[in-house]
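Down below is the structure, laid out as structure tokens.
The values are calculated or read from the model by the stated rules, or taken from the named source; none is laboratory data. The structure displayed is predicted, hence computed values, not measured ones. Cβ placement follows ideal geometry from the backbone for every residue including glycine, while neighbour counts extend to all protein chains displayed.
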Amino acid sequence: MTDLVTTDVVVIGGGVAGLWLNYRLHRAGYSTILLEKDSLGGGQTIRSQGIIHGGTKYALNGALTTAANAIADMPARWRACLEGQGDVDLSSARILSEHHFMWSKAQLASKLTTFFASKAVRGRIESLKENERPEAFRDRRFKGTLYALNELVLDVPSVVSALAEPFHDGIYQLDCSQPGVIDFDGERIRGININGKRRSVRIEAQCYVLTAGEGNEALLHGSGLPGPAMQRRPLHMVMVKHDYPHPIFAHCIGTGSKPLLTITSHPAEDGKFVWYLGGNLAETGVELAGKEQVQKAQELVAELLPWVDLGQAQWASFFINRAEPRQSNLLRPDNAFLARTANTLVCWPTKLALSPALSDEVLEDLQKQGITPKAHTDYSLLAGLPHPKVSLPVWEQMFS
Ligand SMILES: Cc1cc2nc3c(=O)[nH]c(=O)nc-3n(C[C@H](O)[C@H](O)[C@H](O)COP(=O)(O)OP(=O)(O)OC[C@H]3O[C@@H](n4cnc5c(N)ncnc54)[C@H](O)[C@@H]3O)c2cc1C
């Protein structure tokens with residue numbers, strides 16, 4: 001026997017993109033079902049550094065690029081949500097730092113100093129006097145310049161919980177890449193089949209949205225759906241758990257167009273801090289084995305922050321891919337991405353920070369297609385399916 005469940009939109013993938021979209025769709029009156037393979041946020045989202053960028057790191061060549069402009073509004077959009085006044089209510093999410101900072105290892109080139117003081121970046125970058133600096137940069141051995149950026153850093157698991165909790169009843173655990181789950185007739189998705197031992201359920205929707213991150217590729221290939229090509233840009237991230245008491249949220253910039261090192265600080269369950277290290281260290285370390293990458297990170301931290309003693313720290317590293325629509329030369333895409341084929345949308349936010357922009361685009365697309373809220377979803381028919389949990393932070397998984 002097969003029960004039929006109808007809904008307006010099926011969202012496949014419960015990272016930040018799918019969860020944010022699910023929330024916006026509900027607010028707009030749509031009924032939805034979100035299907036997540038493992039744990040909520042457990043892909044790239046939980047491994048992100050949680051920086052809500054305003055684009056400054058894309059302007060290190062001294063000019064505002066397309067990428068810098070595309071993302072400029074995002075900190076304000078997220079701040080409104082954190083105050084409970086935005087598109088989604090993130091008032092229960094935790095802010096780790098009201099600002100991300102940027103420091104230069106040595107004196108900056110005068111072109112960049114002039115640019116950072118210019119009208120073009122007013123409100124985005126502010127140079128700090130010594131007494132305004134966060135504790136970790138008050139040591140007399142610090143010789144560079146420190147800027148506060150109009151960017152904030154969030155505790156990502158708490159963001160994931162805030163997005164998921166209100167809609168818990170409509171979020172289920174299911175790997176949609178299993179054979180036969182997506183029923184695609186060569187033109188459009190006709191339904192999602194869930195075969196149980198005694199009962200089977202079929203979900204039918206007006207629209208299906210793929211927000212499965214790196215999993216989008218397998219979903220497209222496995223079901224035969226045509227869709228955009230994906231690229232993976234790998235990172236080799238490093239984590240260090242230590243007793244140094246002052247958190248750092250900052251990019252260290254050198255002479256290149258990318259930060260040498262990006263540090264965010266995250267409280268672990270045992271009360272210690274974990275510094276999460278990305279930036280150029282992670283981009284260029286993808287050819288290195290774990291041990292070599294940790295050694296490189298240790299040397300870099302000692303060089304850039306010589307006054308910091310991390311003592312008996314625990315170090316670890318891991319590889320993770322950023323999944324995005326394919327660009328020429330594997331470049332970083334500037335914007336959130338969406339492509340429609342018949343009744344299916346394939347999406348990548350390309351940045352955690354751009355999730356609001358991606359949801360805007362999906363809602364606009366639904367309107368254009370004349371897809372309006374219609375269904376009253378009977379969730380009781382899906383009662384046999386488990387609900388996925390929110391993923392543990394990556395440092396709790398690796399330093400357990
Ligand atoms: C190390 C790192 C640091 C980053 N730092 C930042 C940052 O500081 N700021 C920022 O703005 N961006 C950052 N990013 C980018 C950001 O993390 C991603 O753009 C964003 O999290 C992507 O979200 P997503 O929901 O598309 O994908 P994901 O978070 O990967 O979620 C996809 C979900 O789909 C599920 N899924 C996969 N296959 C299936 C299937 N077959 N069926 C059902 N579900 C499926 C997965 O289990 C997963 O939960 C960072 C990325 C990385 C890798």
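A compact table of results
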{"quantity": "Conditions (1) closer than 30 Å to residue 78 by Cβ; (2) within 16 Å of the ligand (Cβ to nearest atom): number failed by residue 385", "calculated": "(1)"}
{"quantity": "Pick from region 129-172, criterion within 26 Å of the chain's Cα centre (by Cα) and farther than 26 Å from residue 267 by Cα, ranking: surrounded by the fewest Cβ atoms within 10 Å (Cβ to Cβ)", "calculated": "168"}
{"quantity": "Options 265, 317; residue that is hydroxyl-bearing (Ser, Thr, Tyr), over 15 Å from residue 136 (Cβ atoms) and in contact (Cβ under 8 Å) with a residue 24 or more places away in the chain", "calculated": "317"}
{"quantity": "Filtered residue count, region 195-243, keeping only those that are crowded, with 19+ Cβ neighbours inside 10 Å, within 20 Å of the chain's Cα centre (by Cα) and charged (D, E, K, R)", "calculated": "1"}
{"quantity": "Identity of the residue in region 36-47, within 6 Å of the ligand (Cβ to nearest atom) and surrounded by fewer than 24 Cβ atoms within 10 Å (Cβ to Cβ), that ends up nearest to residue 248 (Cα to Cα)", "calculated": "47"}
{"quantity": "From 266, 246, residue being more than 21 Å from residue 398 (Cα to Cα) and either surrounded by 22 or more Cβ atoms within 10 Å (Cβ to Cβ) or touching an Asp or Glu at 6+ places or on another chain (Cβ under 8 Å) (or both)", "calculated": "246"}
{"quantity": "Close pairs (6 angstrom Cβ cut-off, 6 or more residues apart or separate chains): touching a residue at least 24 places away in the same chain (Cβ under 8 Å) and over 20 Å from residue 380 (Cα atoms) in region 14-36, hydroxyl-bearing (Ser, Thr, Tyr) and assigned to a helix (DSSP H, G or I) anywhere", "calculated": "15/45; 16/45; 16/355; 17/355; 20/355; 20/359; 21/359; 24/359"}
{"quantity": "Residue under evaluation residue 281, criteria (1) in a helix (DSSP H, G or I); (2) under 21 Å from residue 101 (Cα atoms); (3) away from the ligand (no atom under 16 Å from the Cβ), criterion not met", "calculated": "(3)"}
{"quantity": "Candidate set from region 210-229 (those that are in a loop (DSSP other than H, G, I, E, B) and more than 10 Å from the ligand (Cβ to nearest atom)); member that is farthest from residue 189 (Cα to Cα)", "calculated": "229"}
{"quantity": "Residue count, region 169-215 (criterion: among the hydroxyl-bearing types (Ser, Thr, Tyr) and more than 21 Å from residue 22 (Cα to Cα))", "calculated": "1"}
{"quantity": "Residue 90 being closer than 21 Å to residue 14 by Cβ, within 15 Å of the ligand (Cβ to nearest atom) and at pLDDT 95 or above", "calculated": "yes"}
{"quantity": "The one condition in (1) under 25 Å from residue 364 (Cβ atoms); (2) within 10 Å of the ligand (Cβ to nearest atom) that residue 50 fails to fulfil", "calculated": "(1)"}
{"quantity": "All strands (runs of 3 or more DSSP E) inside region 112-207 with 1 or more residues being closer than 30 Å to residue 83 by Cα and within 16 Å of the ligand (Cβ to nearest atom)", "calculated": "146-149, 152-154, 171-173"}
{"quantity": "Region 310-324: number of residues that are at pLDDT below 95 and within 13 Å of the ligand (Cβ to nearest atom)", "calculated": "0"}
{"quantity": "Near pairs, Cβ below 9 angstrom, 6+ apart or cross-chain, from region 339-361 (in a loop (DSSP other than H, G, I, E, B)) to any residue that is at pLDDT 95 or above and aromatic (Phe, Trp, Tyr)", "calculated": "343/208; 349/20; 349/337; 350/337"}
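The rows are residues; the columns are (1) within 13 Å of the ligand (Cβ to nearest atom); (2) modelled with pLDDT under 95; (3) over 17 Å from residue 135 (Cβ atoms).
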position: 234; (1), (2), (3): yes, no, yes
position: 248; (1), (2), (3): no, no, no
position: 270; (1), (2), (3): no, yes, yes
position: 277; (1), (2), (3): yes, no, yes
position: 290; (1), (2), (3): no, no, yes
